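Enquirer: Below are the structure tokens for one structure; questions will follow.
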Amino acid sequence: MPWCPKCGAEFRKGFTACNTCHVRLIDHKPDGTETIEELPEPPEGWERESPKKQRMLRILRALTVVLLALAAALLLQNR
């Protein structure tokens with residue numbers, strides 16, 4: 001299992017970096033002697049989606065699910 005050398009968190013297989021510390025994971029439980037390899041900076045112009053946009057997308061997804069459920073209920077009611 002991969003481990004974070006900075007915070008000591010254990011990850012599932014397939015993970016390569018700690019999502020909290022942003023450092024590369026190691027393949028053994030850290031004992032304090034490991035060197036911490038910082039991840040390279042993201043390319044210029046790269047940004048995460050804004051929280052406002054993420055919130056709007058969540059609301060749209062929820063509305064879509066509700067509308068689909070209502071449509072299904074109406075279709076089943078007419079049978």
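Enquirer: Check off (1) modelled with pLDDT of 85 or more; (2) surrounded by 10 or more Cβ atoms within 10 Å (Cβ to Cβ) for Ile36 and give me the number that stays unchecked.
Expert: (1)
Enquirer: Can I ask one more? Give me the residue from the stretch 1-28 that is surrounded by 11 or more Cβ atoms within 10 Å (Cβ to Cβ) and basic (Lys, Arg) and, out of that set, farthest from Leu39 (Cα to Cα).
Expert: Residue satisfying both the conditions and the ranking: Lys6.
Enquirer: Same structure again: State whether one or more residues within the stretch 45-52 are over 16 Å from the mean Cα position of the chain (by Cα) and modelled with pLDDT of 85 or more.
Expert: Within the stretch 45-52, one or more residues are over 16 Å from the mean Cα position of the chain (by Cα) and modelled with pLDDT of 85 or more.
The values are calculated or read from the model by the stated rules, or taken from the named source; none is laboratory data. Just so it is clear, the model here is predicted, and its values are computed rather than measured. Here Cβ is always computed from backbone atoms with ideal geometry, including for glycine, and neighbour counts include all displayed protein chains.
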